[in-house]
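The block underneath contains the structure these notes are about, expressed in structure tokens.
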Amino acid sequence: MHHHGYLWTGPKQRFDDEALRRPPHPEPPPADKAELVARYEEVKTEFPVVDLPPLETAYWLP
């Protein structure tokens, strides 16, 4: 059996932001969806450096 455990001591609201805990989709959303494009850009920028643990351990691998 193999187990990874992580202790999160930050605010629950930050931990629950699952979009920042997974890599962005390879293709951006359509340009006419400004809100989605803005969120996509945020995730694209933040995911590699965010202080949150990923949803899957494999997301930490390059």
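The values are calculated or read from the model by the stated rules, or taken from the named source; none is laboratory data. For clarity, every value in this text was computed on a predicted model and none was experimentally measured. With ideal geometry, Cβ positions are generated from the backbone for all residues, glycine too; neighbour counts draw on all protein chains shown. With ligands, DNA and RNA removed, areas are computed over all heavy atoms of the protein, side chains included. Shrake-Rupley method; radii C 1.70, N 1.55, O 1.52, S 1.80 Å.
Miscellaneous remarks
- Inclusion of Pro53 among residues that are part of a loop (DSSP other than H, G, I, E, B) and open to solvent by 80 Å² or more (accessible area, probe 1.4 Å) is not warranted.
- For segment 1-49, residues that are assigned to a loop (DSSP other than H, G, I, E, B), touching a residue at least 24 places away in the same chain (Cβ under 8 Å) and either out of contact with any Phe, Trp or Tyr (no Cβ under 9 Å at 6 or more places or on another chain) or among the hydroxyl-bearing types (Ser, Thr, Tyr) (or both) total 4.
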